[in-house]
1. Assess whether R154 counts as being assigned by TED's automatic domain parsing to the domain that holds E90 and more than 21 Å from Y14 (Cα to Cα).
2. Restricting to the stretch 138-179, count the residues that are without any contact (Cβ under 8 Å) to a residue 24 or more places away in the chain and of a type in the set (A, V, I, L, M, F, W, C).
3. Looking at L249, is it surrounded by 13 or more Cβ atoms within 10 Å (Cβ to Cβ), of a type outside the set (G, A, S) and either at pLDDT below 80 or not in a loop (DSSP other than H, G, I, E, B) (or both)?
4. Under 9 Å by Cβ, and 6 or more places apart or on different chains, what pairs join a residue from the stretch 230-258 that is free of Cβ contacts under 8 Å to residues at least 12 places away in the same chain and in the same structural domain as V220 (by TED's automatic domain parsing) with one that is surrounded by 14 or more Cβ atoms within 10 Å (Cβ to Cβ) and of a type in the set (A, V, I, L, M, F, W, C)?
5. Where residues in the stretch 208-246 are at pLDDT 80 or above, outside any loop (DSSP other than H, G, I, E, B) and touching a helix residue (DSSP H, G or I) at 6+ places or on another chain (Cβ under 6 Å), which of them is farthest from G80 (Cα to Cα)?
6. So, Y142, is that one in the same structural domain as E109 (by TED's automatic domain parsing), touching a Lys or Arg at 6+ places or on another chain (Cβ under 7 Å) and more than 22 Å from V126 (Cβ to Cβ) or not?
7. Before we move on, is S127 in the same structural domain as F26 (by TED's automatic domain parsing) and at pLDDT below 95?
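The values are calculated or read from the model by the stated rules, or taken from the named source; none is laboratory data. Just so you know, these numbers come straight off a predicted model, no measurement behind them. Cβ sites come from the backbone with ideal geometry, for glycine too, and all protein chains shown count toward neighbours.
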Amino acid sequence: MENKEKNFISSVVYLHNDENNIDNFFTMLLSVLERNFENAEIICVNDSSSDDSINRIKQIVKDVPTYISVSVLNLSGFHGLETAMNSGVELSIGDFVFEFDTIKVDYDESMIMNVYKKALEGYDVVSASPNKKEKFFSKMFYKLYEGYSDSHKRLRTERFRILSRRVINRVDSMHKMVLYRKAVYADCGFNTFSLSYDVTDNKTYVMDKKAKKYKKGLAVDTLLLFTDIGYRFSVVMTAVMMFVSVFMLLYSIVIYLMAHPVEGWTTTILFLSFAFFGLFGILTIIIKYLQLIINLMFKRKRYIYSGIEKIK
């Protein structure tokens with residue numbers, strides 16, 4: 001009899017109108033779990049699906065062995081990927097937790113065990129990333145993130161990842177709400193690793209309007225929260241407006257001395273120049289304070305591990 005892994009495995013699966021892809025994904029996932037693990041659970045997070053996704057799952061898992069439990073977490077309305085996955089991970093009890101952000105399967109099923117085995121080598125976060133060219137907007141997002149954040153880890157497109165219970169506890173103690181999990185996992189202080197794989201299926205995966213709108217909003221929110229792009233933009237605009245204000249100040253003085261402006265024009269221009277100069281300076285200071293508050297309350301950890309070594 002084949003030896004199976006003793007670790008309890010949780011698989012959190014995000015679902016939103018995915019009935020056309022469910023059969024392939026769940027057949028593959030159940031096959032891997034049955035062959036390799038003594039105990040496992042699957043938590044399906046139903047993010048307000050309006051199709052037949054849940055009924056399809058119920059049909060597929062009817063004959064699942066008792067040592068694999070399957071649960072469906074139905075959200076009250078559309079919450080979006082990050083919030084939905086946070087709720088599923090919070091419910092999980094496994095020693096290791098797989099996060100499947102999508103049920104798109106463009107990898108061989110052996111990739112799941114490859115990721116798990118890499119985690120056993122001491123990596124607390126191991127992700128599976130397709131070895132193909134990034135889409136234009138994804139590429140731009142990652143470049144902006146890397147250029148304007150203080151993270152030393154490179155982010156890339158991921159199909160799924162595995163987390164140790166240790167890193168889940170760590171992230172849970174850091175934040176009440178995780179807006180963008182990849183960024184938090186990358187900077188949590190534990191060892192991370194990304195496994196690349198050759199894509200086996202290039203079929204296009206179509207998102208509905210809700211998911212597309214959410215994804216765009218998430219990209220903007222992430223750049224504002226996890227990078228200093230907003231502060232840098234405000235500094236540049238402040239410098240430009242201060243330069244314009246100084247120019248207008250000098251211009252108004254020259255006009256006053258060398259020409260005959262309309263009565264009150266010079267004082268009006270002088271007032272507006274000083275006002276805009278001071279306004280943009282104050283706004284820059286306010287934005288810097290807001291950035292500091294975000295760093296203290298959300299982004300920053302009181303300490304960061306570089307690794308934990310057991311010597312006895």
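1. When the stated conditions are applied, R154 passes them.
2. Within the stretch 138-179, residues that are without any contact (Cβ under 8 Å) to a residue 24 or more places away in the chain and of a type in the set (A, V, I, L, M, F, W, C) number 2.
3. Criteria met by L249.
4. Sorted first by the residue in the stretch 230-258, then by its partner, the list stays empty.
5. I229
6. No: the conditions fail for Y142.
7. Numbers: in the same structural domain as F26 (by TED's automatic domain parsing): yes; at pLDDT below 95: no.
No; evaluated as a whole, the condition is false for this residue.
Table: residues versus (1) in contact with a Pro (Cβ under 9 Å, 6 or more places away or on another chain); (2) closer than 18 Å to M111 by Cα; (3) among the β-branched types (V, I, T).
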| residue | (1), (2), (3) |
| --- | --- |
| N36 | no, yes, no |
| C44 | no, no, no |
| I57 | no, no, yes |
| T66 | no, no, yes |
| G80 | no, no, no |
